[in-house]
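Q: One structure follows; several queries about it will come next.
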Amino acid sequence: MKNTRHIMIIASIAILALSCYNPPQVDSLWQKEFNTAHEIVDTYKAVDGMLRDSDKEGKTKNLCHYVWNSGEYMFKCRGKNEDIALLPENIEELALDDDIVESYMIERDTARFADHYFTLKAMKRGCSFDDSRDGITITVFYPIRSINSNDYAKLEEIFSCRNDALHIAYMKKLKFPFRNSGCNEEMNRIRPLIEKNVKDSKLKQEIIELYDLYGNIVPGMPAPNPVLKDTKGNKHTFDEFRGKLLVIDVWATWCSSCLVKMPDYIALRESYKDNKDIEFITVSIDRRDARNAWLKSIEKRGMSNMLNLTPDCEEMSQFECDYHISGVPRYIVIGKDGRIVSAYAPPPGGGLKEIISKSIDK
């Protein structure tokens, strides 16, 4: 009887303690402007100290606020302030399909919140800010950089969870890397996740169709073989160079980046001038009415000693459709067997020579 009374007293104290717990209003504690990373960290720790371990909603909201404000601060200072190194130290894993997390994202900006979260996670792994920030599409803060392993890991995690808002935001973003990088091995790993976890919609169907569309120029596929014309009007196809490794520079006279990089391409060609197993070719996507400008540019830029081709069309050509040319410069490498080595090869000085070295003896 004595033991029973003792247990009842303890239970009563516990109930009283629980009833006295007045959880802090997490949202209101974050309603301020932060000028340093220290202020963000201090606020996060102070709010966390007010919360009980059992207060899952409060803890999750506090972490969401920390992610959002940390990301906003980093992007505001463009990753230049030294104190941003403090921010990844406190990041913890968020369940992206948690109702609280999903609601928080939707209230602010779903894709932007995800960018902040994954940037912090990558920085915590030791990556630089520039390598950690979103490279999947253009942001309002930074020019696009090449999509990297952090971006692919991010996409895998996003499409592995069950957060509808996040799926929609990133399926919209996926159109950009398809246009700029095609359908590579890393992108192919994401397709089954989309098929399994994303709800059926018109947008989902568009993405699946992009996978099918860009699948015709993945490494190992037969290279499309459209008819092109040289400076004298003679017709050529890539098939006539079977047995040689083709290194193709896709450019246009109106493209300033193409013209800046052309000397590097010419220098790369010169370094292989004694190798009869390689053919360097330029393909201009200039329209027919720019033919004179094309011919003058070839002469002016010292390109006359290589094969220069053009579709010779008044509008979008078969070559552009076959290789999904949405921007230039583009670099394409086709193997001796007539199959794609890379339809989205890096530029000269950025890895193109390495691809040539790996492919020349195959």
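Q: Going by what's in this entry, would residue 352 be described as touching a Phe, Trp or Tyr at 6+ places or on another chain (Cβ under 8 Å) and over 24 Å from residue 176 (Cα atoms)?
A: Spelling it out, it is not the case that residue 352 is touching a Phe, Trp or Tyr at 6+ places or on another chain (Cβ under 8 Å) and over 24 Å from residue 176 (Cα atoms).
Q: Quick check: anything in the range 64-76 more than 27 Å from residue 162 (Cα to Cα), surrounded by fewer than 19 Cβ atoms within 10 Å (Cβ to Cβ), within 25 Å of the chain's Cα centre (by Cα) and not hydroxyl-bearing (Ser, Thr, Tyr)?
A: Yes, because at least one residue in the range 64-76 is more than 27 Å from residue 162 (Cα to Cα), surrounded by fewer than 19 Cβ atoms within 10 Å (Cβ to Cβ), within 25 Å of the chain's Cα centre (by Cα) and not hydroxyl-bearing (Ser, Thr, Tyr).
Q: Take the residues in the range 19-50 that are modelled with pLDDT under 90 and in contact with a Lys or Arg (Cβ under 9 Å, 6 or more places away or on another chain), then tell me which one is nearest to residue 120 (Cα to Cα).
A: Filtering first and then ranking leaves 23.
Q: May I pose another question? Quick one: which of 137, 119, 110 is among the polar types (S, T, N, Q) and touching a Leu at 6+ places or on another chain (Cβ under 8 Å)?
A: Being among the polar types (S, T, N, Q) and touching a Leu at 6+ places or on another chain (Cβ under 8 Å) holds for just one of 137, 119, 110, which is 110.
Q: Of all residues in the range 308-330 being among the hydrophobic types (A, V, I, L, M, F, W, C) and surrounded by fewer than 17 Cβ atoms within 10 Å (Cβ to Cβ), which is nearest to the chain's Cα centre (by Cα)?
A: 321
Q: I've got another one for you. Given the range 231-334, what strands (runs of 3 or more DSSP E) lie entirely inside it while holding 2 or more residues that are within 23 Å of residue 176 (Cα to Cα) and out of contact with any Pro (no Cβ under 9 Å at 6 or more places or on another chain)?
A: Answer list for the range 231-334: 330-334.
Q: When you check residue 259 against the structure, is it of a type in the set (A, V, I, L, M), in the same structural domain as residue 150 (by TED's automatic domain parsing) and surrounded by fewer than 18 Cβ atoms within 10 Å (Cβ to Cβ), yes or no?
A: Details: of a type in the set (A, V, I, L, M): yes; in the same structural domain as residue 150 (by TED's automatic domain parsing): no; surrounded by fewer than 18 Cβ atoms within 10 Å (Cβ to Cβ): yes.
Criteria not met by residue 259.
Q: Here is a further query. Select the helices (runs of 4 or more DSSP H) contained entirely in the range 75-144, then report the ones holding at least 3 residues which are hydrophobic (A, V, I, L, M, F, W, C).
A: 99-107, 110-124
Q: Can you find, within the range 151-163, the residue that is surrounded by the fewest Cβ atoms within 10 Å (Cβ to Cβ) among those that are touching a residue at least 40 places away in the same chain (Cβ under 8 Å) and of a type outside the set (Lys, Arg)?
A: The qualifying residue surrounded by the fewest Cβ atoms within 10 Å (Cβ to Cβ) is 157.
Q: Pairs please, first residue from the range 73-97 and farther than 24 Å from residue 157 by Cβ and not assigned by TED's automatic domain parsing to the domain that holds residue 30, second anywhere and of a type outside the set (Ser, Thr, Tyr) and exposed (fewer than 13 other Cβ atoms within 10 Å of the Cβ), Cβ atoms under 9 Å, 6+ apart in sequence or on different chains.
A: The qualifying pairs do not exist here.
The values are calculated or read from the model by the stated rules, or taken from the named source; none is laboratory data. Just so we're clear, the structure is a prediction, and the values are computed from it rather than from any experiment. Heads up, the Cβs are rebuilt from the backbone with ideal geometry, glycines too, and the neighbour counts pull from every protein chain shown.
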